[in-house]
Amino acid sequence: MMNIFILLLIVGYSIHDIDGYGVRGQTIWQIILCKFSDSPTPKYTPTEIKEKCLDRGTGGLADYWHDISNGLINFNSSSVNG
């Protein structure tokens with residue numbers, strides 16, 4: 001998929017988890033990118049990875065979670081760092 005080794009540390013939580021109804025609403029993910037000294041130049045920028053993973057309408061993770069939750073999950077405050 002990508003010619004870069006990406007270490008994903010995903011810290012996901014929902015502001016509604018404590019009410020006992022599972023994950024829904026705003027779910028915040030932090031994706032942390034790591035590049036090792038022997039890795040090639042990254043193929044994608046952090047902005048491109050955010051667009052592909054966290055923005056709706058790209059066929060990525062955000063679309064998947066939106067679809068399987070019937071629109072109850074969003075990643076609006078999530079970010080990619082690294």
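Any read-out appearing in this document is the output of simple, stated calculations on the displayed coordinates, not a laboratory observation. Every value quoted in this text rests on a predicted model; they were computed, and no experiment measured them. Backbone-built Cβ (ideal geometry, glycine too); neighbour counts: all protein chains shown.
The table below lists the values:
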{"quantity": "Sites matching chymotrypsin sites (Phe, Trp or Tyr not before Pro) across the range 53-82 that sit in DSSP coil, with at most 16 neighbouring C-beta atoms within 10 Å", "calculated": "none"}
{"quantity": "Likely footprinting exposure, 67, 38, 55, fewest C-beta neighbours within 10 Å first", "calculated": "38, 67, 55"}
{"quantity": "Ranked 41, 27, 58, criterion: other C-beta atoms within 10 Å, fewest first", "calculated": "41, 58, 27"}
{"quantity": "Calculated FRET value between residue 77 and residue 38, using beta carbons and R₀ = 25 Å, to 0.05", "calculated": "0.15"}
